[in-house]
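Structure record follows, encoded as structure tokens.
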Amino acid sequence: MAYDVSDALVFFGATGDLAYKQVFPALQALAKRGHLNMPVIGVAGRSWTSEQLRDHARQSLQEHGGVDEAAFAQLAPRLTYIGGDYHAAETYQKLRQALGDAKRPLHYLAIPPSLFATVVEGLQQSGCDQNARVVLEKPFGRDLESAQELNKILTSVFPEDAIFRIDHYLGKEPVQNLLYFRFANSFLEPIWNREYIDSIQITMAENFGVEDRGKFYEEAGAIRDVVENHLLQVAALLTMEPPARGAPDAIRDAKTQVVKAMQPLSIANVVRGQYQGYRQTPGVAPDSTVETFAAVKLRIDSRRWEGVPIYIRAGKCLPVTSTEVLVELKRPPRVVFDATEPEHANYYRFRLSPDVTIALGARVKQPGEAMQGEPTELIARHIPGGDEMLPYERLLSDAMHGDQTLFAREDMVEAAWSVVDPILGNATPLHEYAPGTWGPPQANALIAGNGVWHNPQVDPLASKQ
Ligand code: NDP
């Protein structure tokens with residue numbers, strides 16, 4: 001579907017960390033492709049000049065991806081800066097003036113969530129909301145109630161088709177590939193159900209701690225930071241029904257439908273952990289009970305998935321940094337070969353980061369007299385790390401074009417919070433684990449009915465390249 005393109009990009013939080021690490025590289029990439037033919041107005045608290053913002057942008061690029069002089073020459077003259085408090089009406093008056101005769105501005109709120117409502121109201125009172133689109137950063141609320149409250153404020157000012165709730169994870173190439181692989185191949189659909197699939201595992205492992213983000217992390221924890229959003233989205237892409245082609249919003253409809261069918265998590269289906277040493281991190285309370293590890297067992301109430309558990313695990317200070325999905329198929333009957341064949345032989349493995357792999361786990365016969373097998377993987381795709389379009393480039397470009405496919409809709413966000421709401425905070429015990437391990441041993445008991453956790457390796461194929 002074609003929409004009218006935004007003709008000005010306003011980014012709140014221009015001097016912040018996210019802008020520095022992600023937004024300037026995305027803007028340069030957009031400029032490089034010739035997709036940034038509009039003024040770009042940064043708005044933040046400190047009293048900088050536009051020249052200072054441009055210097056800051058260059059510095060950001062030097063640290064994050066490198067300066068492309070030709071692209072930067074396109075970007076820099078478009079960048080201007082407005083300094084002012086988000087609580088002050090004057091800030092928005094200056095913005096109104098700077099927007100000039102722009103007819104379809106895009107306001108990107110790369111700011112702390114506590115300020116979302118203030119800025120949205122400021123935009124409305126100054127008339128900067130007219131015919132505008134608004135992009136919001138995650139986290140979108142802290143629980144179901146706060147998400148509903150925020151949605152109420154937003155939709156009182158902007159129509160839903162002008163609201164873009166970012167989950168940058170959805171902009172990642174390998175995550176897109178999941179959706180593509182599922183629905184572009186006819187061999188998957190006949191087996192993609194409870195008849196053939198035994199369980200699904202999703203692991204997001206990081207081999208580092210919270211580092212200098214202790215204060216931020218204390219407000220989040222693993223469940224709010226990555227399970228409620230990124231990992232439920234991955235689960236939704238793996239389990240959604242085929243979207244009806246051509247129907248407006250078809251992909252988001254299908255995803256929302258499956259998230260609504262996910263049972264709210266119960267206390268018995270969650271294990272929370274915290275790595276030893278987390279409480280000594282600057283910004284972290286000495287008696288903090290915030291989890292740096294979470295493992296959950298999820299069920300979907302649908303004809304396709306009844307009885308198929310979905311295990312999700314995320315943690316910091318684990319042995320590797322990698323995100324992998326394992327879709328385990330049921331074992332074949334034993335009537336043909338001997339009973340020594342292992343239980344967990346057939347699976348699909350989707351490695352989403354740092355490198356991308358799509359693999360099918362199979363058994364092949366070992367040479368020799370006996371009908372004995374060995375495991376092998378048929379690799380459909382393997383791309384060593386780093387070869388992808390920047391997620392923020394894709395998402396900002398989509399928002400400028402009014403395409404909401406990769407953004408979270410109001411009902412989807414609320415459905416996702418409904419899944420995790422019962423287990424937020426201290427609803428379940430917290431177990432310590434040693435850094436460099438796969439989390440507390442209690443997580444093993446959670447999956448015991450379906451075998452063991454699949455632990456992603458450091459790029460297992462790197463040595464075979
Ligand atoms: P920062 O704290 O680094 O930046 C905050 C920005 O908001 C600064 O530009 C600051 O301007 C501005 N600001 C804050 N209060 C005011 C105010 N009252 N008036 C005017 N300007 C104000 O935050 P981040 O960049 O880290 O995060 C921004 C958003 O992005 C958050 O929602 C976060 O959850 C999300 N996010 C961040 C990620 C990251 O890696 N940092 C990753 C994913 C999401 P100044 O300092 O000049 O006053």
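Mind listing which trypsin sites (Lys or Arg not before Pro) in segment 36-111 are in a DSSP loop and have 11 or fewer other Cβ atoms within 10 Å?
Details: sites: Arg46, Arg54, Arg58, Arg78, Lys94, Arg96, Lys103; in loops: Arg46, Lys103.
Here the sparse-neighbourhood loop sites are Arg46.
Quick check: net charge around Asp198, other residues with Cβ under 12 Å of its Cβ, Lys/Arg +1 and Asp/Glu -1? Let's see the in-between values first.
Values: positive: Arg194, Lys330, Arg331; negative: Glu195, Glu328, Glu343.
With Lys, Arg at +1 and Asp, Glu at -1, the net is 0.
Sort out for me the Cα centre separation of segment 206-265 from segment 30-100, rounded to whole Å.
31
Of Lys32/Lys94; Lys94/Lys172; Lys21/Lys255; Lys94/Lys152; Lys138/Lys172, which sit over 25 Å apart, Cα to Cα? All intermediate terms of the calculation are to be shown ahead of the outcome.
Working: Lys32/Lys94 29 Å; Lys94/Lys172 35 Å; Lys21/Lys255 29 Å; Lys94/Lys152 27 Å; Lys138/Lys172 15 Å.
Too far apart for the 25 Å limit: Lys32/Lys94; Lys94/Lys172; Lys21/Lys255; Lys94/Lys152.
What percent does the relative contact order of the chain come to when contacts are Cα pairs within less than 8 Å and at least six residues apart?
Relative contact order comes out at 18 percent.
Any idea what the dipole of segment 353-465 comes to, in debye rounded to 20, about its Cα centre with Lys/Arg Cβ at +1 and Asp/Glu Cβ at -1? Before the final figure, lay out the partial values.
On the way: 6 positive and 15 negative charges, 98 e Å.
In total the dipole reaches around 480 debye.
Where the only charges are on Cβ atoms (+1 Lys, Arg; -1 Asp, Glu), what is the dipole of the chain about its Cα centre, to the nearest 20 debye? Walk me through the numbers before you get to the answer.
On the way: 45 positive and 58 negative charges, 92 e Å.
The calculation lands at about 440 debye.
Go through segment 30-40 residue by residue and turn each phi into a ³J(HN,Hα) via Karplus (6.51, -1.76, 1.60, θ = phi - 60°); whole Hz please, and just put x for glycine and proline.
Each residue's phi maps through the Karplus curve to give 5, 4, 4, 7, x, 9, 10, 8, 7, x, 10 Hz.
Using only Cα atoms, tell me the angle between helix 50-63 and the longest principal axis of the chain; keep it within 0 to 90° and round to the nearest 10.
Tilt relative to the chain: about 20 degrees.
Relative contact order (percent) for segment 240-360, with alpha-carbon contacts under 8 angstrom and 6 or more residues of separation? Spell out each step's value before the answer.
Details: 153 pairs, mean separation 19.5, N = 121.
Across segment 240-360, relative contact order equals 16 percent.
At 222 nm, what value in deg cm²/dmol follows for the chain if DSSP H runs of at least 4 each add -39500 (n - 2.57) and the sum is divided by all its residues, to the nearest 500?
Numbers: 13 runs with 129 residues, N = 465.
Computed mean residue ellipticity for the chain: -8000 deg cm²/dmol.
I need the shape label for segment 8-137. Rule: rounded when a/c is under 1.5, else prolate if a/b > b/c, else oblate, with a, b, c from the alpha carbon gyration tensor.
Numbers: a/c = 1.83, a/b = 1.52, b/c = 1.20.
The shape class here is prolate.
In nm, to one decimal, how far is the Gln130 label point from the Asp101 one, both placed 7 Å along Cα→Cβ?
1.4
If you line up the long axis of helix 410-420 against the longest principal axis of the chain, both from Cα atoms, how many degrees apart are they, to the nearest 10?
Helix 410-420 sits at roughly 50 degrees to that axis.
Each value in this text was obtained by applying a stated rule to the coordinates, not by laboratory testing. These numbers come from a predicted model, not from an experiment. Cβ: placed from backbone, ideal geometry, glycine included. Neighbour counts: every protein chain shown.
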